[in-house]
Amino acid sequence: MSTKKEGQTPAIQVIERMFSLLDVLAAHQDPVSLKELSERTGLHPSTAHRILNDLAIGRYVDRPEAGSYRLGMRLLEMGNLVKARLDVRDAALAPMRELHKLTHQPVNLSVRQGDEIVYIERTYSERSGMQVVRAVGGRAPLHLTSVGKLFLAHDDPQRVRGYATRTGLAGHTRNSITEIGRLERELAQLRQTGVSRDDEELELGVRCIAAGIFDDQGRLVAGLSVSAPADRIEEGWAERVKATAAQISSALGFRG
């Protein structure tokens, strides 16, 4: 396994050394001794030990026994996140296009990163009559978006309150939910219906309807939403959004 492209070297020396250690560990199924890691990377044992110790703190490396190392579970967790996003995008594109043909409005695919959602795909046409301001790669707070609320609804109450404390539930418009009690009531309703809404809470003049996408382990991995000018959105779209999200979930192996 190689982490570098031909002719490219990390600008920070310790990062280059870290990459070389991870490369050696990735090439071995069994734990690797500090002595062998030092020999294969050309690093002094004390230097390799310091870097490996820091990687172990971050769970990127495990120490099954003193003096030996292997790749850690944190790398598996991160790899699964990347895999899930790639799979979701592949599974979602065709259903998103069909939903766009029905609504003639932007259809968005988003995932959670920390306290925000990130838009990873969008299907739209210039004829929708709505400015596209949330480009692929754009971010938005969880509590101000229909998809973000889906993820909050799958958190336990303590984590929702932790989110509220960290963010202060800052608002963007006069419709934004900025009070924890109101947010909790909306999340409770969302859990019953499986459909989430953004009523001009992120941007005035724009409303959204969203439903969750689940993987083969039953985990919420993404959200599908339709966004439209506030006076054009149709409540009848809610069931189609939900059905399209279920179709994508099924393609990912969800059997709920």
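The values are calculated or read from the model by the stated rules, or taken from the named source; none is laboratory data. Small disclaimer: the values here were computed from a predicted structure and weren't measured. Here Cβ is always computed from backbone atoms with ideal geometry, including for glycine, and neighbour counts include all displayed protein chains. For accessibility, only protein heavy atoms count, side chains too; no ligands or nucleic acids. Shrake-Rupley method; radii C 1.70, N 1.55, O 1.52, S 1.80 Å.
The aspartates and glutamates whose alpha-carbon is closer than 17 Å to the alpha-carbon of residue 83, local same-chain residues fewer than 8 away aside, are 121, 215, 216. Extents of the chain, taken as max minus min of Cα coordinates on every principal axis and listed largest first, are 67, 38, 38 Å. Within the assembled protein chains, the solvent-accessible surface assigned to residue 101 is about 130 Å², based on a 1.4 Å probe. Each residue of the range 46-63 is assigned a 3J(HN,Hα), and the resulting list reads 5, 5, 4, 4, 4, 5, 5, 5, 5, 5, 5, 4, x, 6, 7, 9, 10, 10 Hz, derived from the Karplus form 6.51 cos²θ - 1.76 cosθ + 1.60 (θ = phi - 60°), x at Gly and Pro. Computed from phi, the 3J(HN,Hα) profile of the range 229-234 under the Karplus parametrisation 6.51, -1.76, 1.60 (θ = phi - 60°) reads x, 3, 8, 10, 5, 10 Hz, with x in place of Gly and Pro. Share of carbon and sulfur in the accessible area of the chain stands at 49%, probe radius 1.4 Å. Counting only protein heavy atoms and a 1.4 Å probe, the range 204-250 has 42 square angstrom of accessible area per residue. For residue 161, the solvent-accessible surface computed with a 1.4 Å probe is close to 120 Å², ligands and nucleic acids excluded. Size of the range 35-184: Rg and Dmax of its alpha carbons, in Å, are 21.8, 64.
Taking amide hydrogens as placed 1.01 Å from N in the peptide plane, the amide H of residue 221 sits under 5 Å from those of 213, 214, 215, each at least 5 positions away in sequence or on another chain. Spin-label model, residue 63/residue 155: points 7 Å from Cα along the beta carbon direction are separated by 3.4 nm. Take the Cα pairs of the range 55-103, get the Kirkwood Rh, then feed it into Stokes-Einstein at 37 °C and 0.692 mPa s and tell me D in µm²/s. The diffusion coefficient I find is 245 µm²/s. Computed with a 1.4 Å probe over protein heavy atoms only, the accessible surface of the range 46-90 comes to 63 Å² per residue.
Spread over its residues, the convex hull of the C-alpha atoms of the range 144-256 is 94 Å³ per residue.
Put 44, 143 in order of accessible area, highest first, and with a 1.4 Å probe you get 44, 143. What the phi angles of the range 246-256 give under the Karplus curve with 6.51, -1.76 and 1.60, with θ = phi - 60°, is a coupling list of 5, 4, 5, 4, 4, 5, 8, x, 6, 10, x Hz, glycine and proline written as x.
Over the chain, what is the mean sequence separation of C-alpha contacts under 8 Å (at least six apart), divided by residue count, expressed as relative contact order in percent? Intermediate results must be reported in sequence, preceding the final value.
Values: 404 pairs, mean separation 37.1, N = 256.
Relative contact order, the chain: 14 percent.
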